[in-house]
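The values are calculated or read from the model by the stated rules, or taken from the named source; none is laboratory data. Nothing here was measured: the structure is a model prediction, and the numbers come from that model. Glycine gets a Cβ as well: all are built from the backbone with ideal geometry, and neighbour counts include every protein chain shown. Surface areas here come from the heavy atoms of the whole protein model, side chains and all, with no ligands, DNA or RNA. Shrake-Rupley method; radii C 1.70, N 1.55, O 1.52, S 1.80 Å.
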Amino acid sequence: MNNVVKLGIRMAVVGGFLGMGATPVQALDIGAMGNVDFTASNQQNYANSFSLGAFDIYGNQQIDTKTRVFFEFVLEDGGSGMGVDLERMFISRKFSSAFELSAGRYHTPLGYWNKTYHHGAIMSDTVDRPSFLEFEDASTAILPMHIIGLSAEGSVTGGAGKLGYQLAMGNSSSLDSTKPTNGRSELGLPNVSDNADKKAALIRVVYQPEGVPMHFAVFGMNESYAEAATAGGYLAQGSTLVAQRVAGFDTRYATDKFDVTAEYFNIRNGAQNGVGDGLTHTGKAYYVQVGYKVVDNWKVVYRRESVDFDAADEYFKLLGTEKGHKDVAGIRYDLDDSNALKFEIKRNTPDSSLNRQSDTTYMLQWAFMAL
Amino acid sequence: MNIFKRMVASVALFAAAGFIATPVLAMPDVVVIGNSGLPVDSITADEAQTIFLGKGDTIKGGTRVTVVDQNEGAAVRSEFYQKVAGKNEQQLKAYWAKLVFTGQATPPKALADDKAVKAWVSSTSGAIGYISSGSVDSSVKVLLKP
């Protein structure tokens, strides 16, 4: 083949490759959210403090008419220095309103709050998430709020309303039974491997009746927690410590002035042989939150949250979860669409079996978004 | 004329020139247009707000529509969202940022100007957009004058 032909072929290949690039429908949108807090408490030895909340940077781009990419990373100081976490990163393609496929790291469809609120304090009316729905590195977290894998979602609309679904499947989580984090374990999310080789599976089905500003959803999760300890753990690394099934529901009614949201979780943990008592235990958690817009930019909020489980449940023992309930009362003032002030009082009441006194925390938060 | 008087005169002259030269910008009358094949001849302001703010994608009768926006900074865009949704550009950005961040919706695609919007709406079944009233022609139908 002579050199001219070879050159022509090379040019055609390069030109074809360049021509295959899709033209973005929109530019990359970048935004940031953050908050600054002041916290005071009557807990013993508590130092009233200012703190930087998670600084959240996200990007979104519609890369063609059906496909978008989204990323979100967070800079935060959990008390031992500033760290960076890639919280979400996914690509999704919307084939129709009934089917959108995504791949990457995203929030588990466990209830309404976790599907709706991510990092970014300005998004929610309260200073914090419900304690048991905190992210995996928090001391009160009890379920994986993220997953790395595939998801499918969509909805169909008929005369009676809209029926939607969310399916998720991804790497299973892990626990280090040597409790290396201040005497407790943190839920481990493997971004690059599935140590237990047992995928987590989740489903959520949502119904929104026509003409009524509310939804009702049921959800479920099948999850296995693998031993993360390389030595000294209950089992060999990668072995299943706990097989878990979660079932629950969430509902919300919201108008411009008033909203009420409730979620309930039933958590069934099957400890494997050699893990605690090796038996199955069931715990539950729920919250109910009510919000009322008093006047234009002022909103009052109240939330009751509760966690209860069998003291012999090794899953909760590993996490160091505390049974009890919390009452949160707060007020939010929107200075404008991009920043808000929140004041909140949180009363923590440990279960009587723990022989600990209640404590009260006061929080003032200035939350913002930058676009 | 001493130097000071010349300076004052120069400043006054430039100021006057600037005032005269500054055009008085008239806000275009914005209209909502639709593809001629749509089975409706009008939509309400509430429907316009619903479909352009990503709250739904159907109009009366259950007709599914696709909306198109205009690029940020276009005068007709500012007027449209002020009239239909009561939002200025910054408020609109914050609104969409929250929806995108929570995965609830994505903003409609944006085109450069009235001409591009009209061309797209006229050639796309179920399409709705907005343009200035002076750009309307027989290729599209006017659904709403907010």
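Excluding same-chain pairs closer than 8 in sequence, count the lysine pairs in the range A:82-230 whose Cα atoms lie under 21 Å apart.
Counting lysine pairs in the range A:82-230 gives 4.
Ignoring any ligand, DNA or RNA, what whole percent of the accessible area of the range A:217-371 comes from carbon and sulfur when the probe is 1.4 angstrom?
Carbon and sulfur together cover 54 percent of it.
Could you give the distance between the Cα centres of the range A:321-371 and the range A:169-212, to the whole Å?
Their Cα centres are 25 Å away from one another.
Rounded to the nearest 100 Å², what's the accessible area chains A and B bury against each other, both chains counted, probe 1.4 Å?
1600 Å²
Note down the Stokes-Einstein diffusion coefficient of the range A:169-267 in µm²/s, whole number, using a Kirkwood radius over alpha carbon pairs, 20 °C, and 1.002 mPa s.
The calculation lands on 137 µm²/s.
Per-residue ellipticity at 222 nm for chain A, helices alone: DSSP H runs ≥ 4 residues times -39500 (n - 2.57), over residue total, nearest 500 deg cm²/dmol?
Roughly -2500 deg cm²/dmol at 222 nm, from the helical runs in chain A.
What FRET efficiency, computed as 1/(1 + (r/R0)^6) with R0 = 30 Å and r the Cβ-Cβ distance, is obtained for A:F258 and A:L335, rounded to the nearest 0.05?
Efficiency at R0 = 30 Å is approximately 0.85.
Charges only on Cβ, +1 for Lys and Arg, -1 for Asp and Glu: so what's the dipole of the protein assembly as shown about the Cα centre, in debye to the nearest 20?
1220 debye
Restricting the count to DSSP beta bridges whose residues both fall in chain A, what percent are antiparallel, rounded to a multiple of 5?
In chain A, approximately 100 percent of DSSP beta bridges are antiparallel ones.
Output ³J(HN,Hα) for the range A:96-102: one whole-Hz value per residue in order, computed from phi by the Karplus curve 6.51 cos²θ - 1.76 cosθ + 1.60 with θ = phi - 60°, and x for Gly and Pro.
These are the phi-based 3J(HN,Hα) values: 6, 5, 8, 8, 10, 10, 10 Hz.
Beyond 19 Å, what share of the Cα-Cα pairs of the range A:191-339 remains, rounded to the nearest whole percent?
66 percent
Specify which residue in the list B:I43, B:W96, B:A116 is farthest towards the positive end of the charge dipole of the protein assembly as shown, using unit charges on the beta carbon of Lys, Arg (+1) and Asp, Glu (-1), about the Cα centre.
B:A116
Using the heavy atoms of the protein chains and a 1.4 angstrom probe, tell me the accessible area per residue for the range A:70-173 in square angstrom.
Solvent-accessible surface per residue comes out at 36 Å².
For the range A:161-207, just run the numbers: alpha carbon Rg, then divide by 2.2 N^0.38 Å, N being how many residues it has.
Expressed relative to 2.2 N^0.38 Å, the Cα Rg reads 1.62.
Across the range A:129-143, in residue order, what do the Karplus-derived ³J(HN,Hα) couplings come to in whole Hz, using 6.51 cos²θ - 1.76 cosθ + 1.60 with θ = phi - 60° and x for Gly and Pro?
Residue by residue, the range A:129-143 yields 6, x, 3, 6, 9, 5, 5, 4, 8, 8, 5, 9, 5, 10, 9 Hz.
Calculate the dipole size of the range A:244-294 relative to its Cα centre from +1 charges on Lys and Arg beta carbons and -1 charges on Asp and Glu beta carbons; express the result in debye to the nearest 20.
Using only the charged Cβ atoms, the result is roughly 40 debye.
State the Cα centre-to-centre distance between the range A:101-140 and the range A:229-279 in whole Å.
Computed from Cα coordinates, the inter-centre distance equals 15 Å.
Any idea how far the Cα center of the range A:26-46 sits from the one of the range A:66-80, in Å?
Value for the Cα centre distance between the two parts: 14 Å.
Once amide H atoms are placed 1.01 Å from N in the peptide plane, what residues at a sequence separation of 5 or more from A:F258, or on another chain, have their amide H within under 5 Å of its amide H?
Amide H neighbours of A:F258: A:K293.
Give the cross-link partners of A:K342 among the lysines, using a straight C-alpha distance below 20 Å as the criterion and excluding same-chain residues fewer than 8 apart.
A:K257, A:K293, A:K299, A:K326, B:K98
Roughly what angle does helix A:3-19 make with the longest principal axis of chain A, taking Cα atoms, 0 to 90 degrees, to the nearest 10?
Compared with the principal axis, the helix lies near 30 degrees.
Do any residues of the range A:335-371 show a loss of at least 20 square angstrom of accessible area between the isolated chain and the full protein assembly, using a 1.4 Å probe, and if so which?
A:D337, A:S338, A:M369, A:L371
Put +1 on the Cβ of every Lys and Arg and -1 on every Asp and Glu Cβ in the protein assembly as shown; which of A:A329, A:Q61, A:V74 then has its Cα farthest towards the positive end of the dipole?
Positive-end residue among those listed: A:Q61.
Mind giving me the nanometre distance, one decimal, between the label points for B:S135 and A:F50, set 7 Å out from Cα along Cα→Cβ?
Result for the modelled spin labels: 4.9 nm.
Short version: ³J(HN,Hα) in whole Hz for each residue of the range A:267-281, in order, from phi by Karplus 6.51 cos²θ - 1.76 cosθ + 1.60 (θ = phi - 60°), x for Gly and Pro, what are they?
10, 10, 10, x, 6, 7, 4, x, 10, x, 8, x, 10, 9, 10
What does the charge add up to near A:P144, with Lys and Arg as +1, Asp and Glu as -1, over the other residues with Cβ less than 12 Å from its Cβ?
Within the 12 Å Cβ shell, the charges total -4.
Once the dipole of the range A:17-167 is set up with Lys and Arg at +1 and Asp and Glu at -1 on Cβ about the Cα centre, which of A:G159, A:L110, A:M89 lies farthest towards its positive end?
A:G159
Just to check, using Stokes-Einstein with a Kirkwood Rh over alpha carbon pairs, what's the diffusion coefficient of the protein assembly as shown at 37 °C and 0.692 mPa s in µm²/s?
125 µm²/s
Could you give the size of the charge dipole of the range A:105-188 about its Cα centre, using +1 on the Cβ of each K and R and -1 on the Cβ of each D and E, expressed in debye and rounded to the nearest 20?
In debye, rounded to 20, the range A:105-188 gives about 200.
What is the gain in length, in nm to one decimal, between A:N42 and A:A27 on full extension, counting 0.36 nm per residue of separation less the C-alpha to C-alpha distance?
Contour length minus the Cα-Cα distance gives 0.5 nm.
For the range A:277-363, report the translational diffusion coefficient in µm²/s to the nearest whole number, using Stokes-Einstein at 4 °C, 1.567 mPa s, and a Kirkwood Rh over Cα pairs.
85 µm²/s
Taking amide H positions as placed 1.01 Å from N in the peptide plane, with prolines and chain starts having none, which residues 5 or more places from A:S185, or on another chain, fall under 5 Å of its amide H?
For A:S185, the qualifying residues are A:L319, A:G320.
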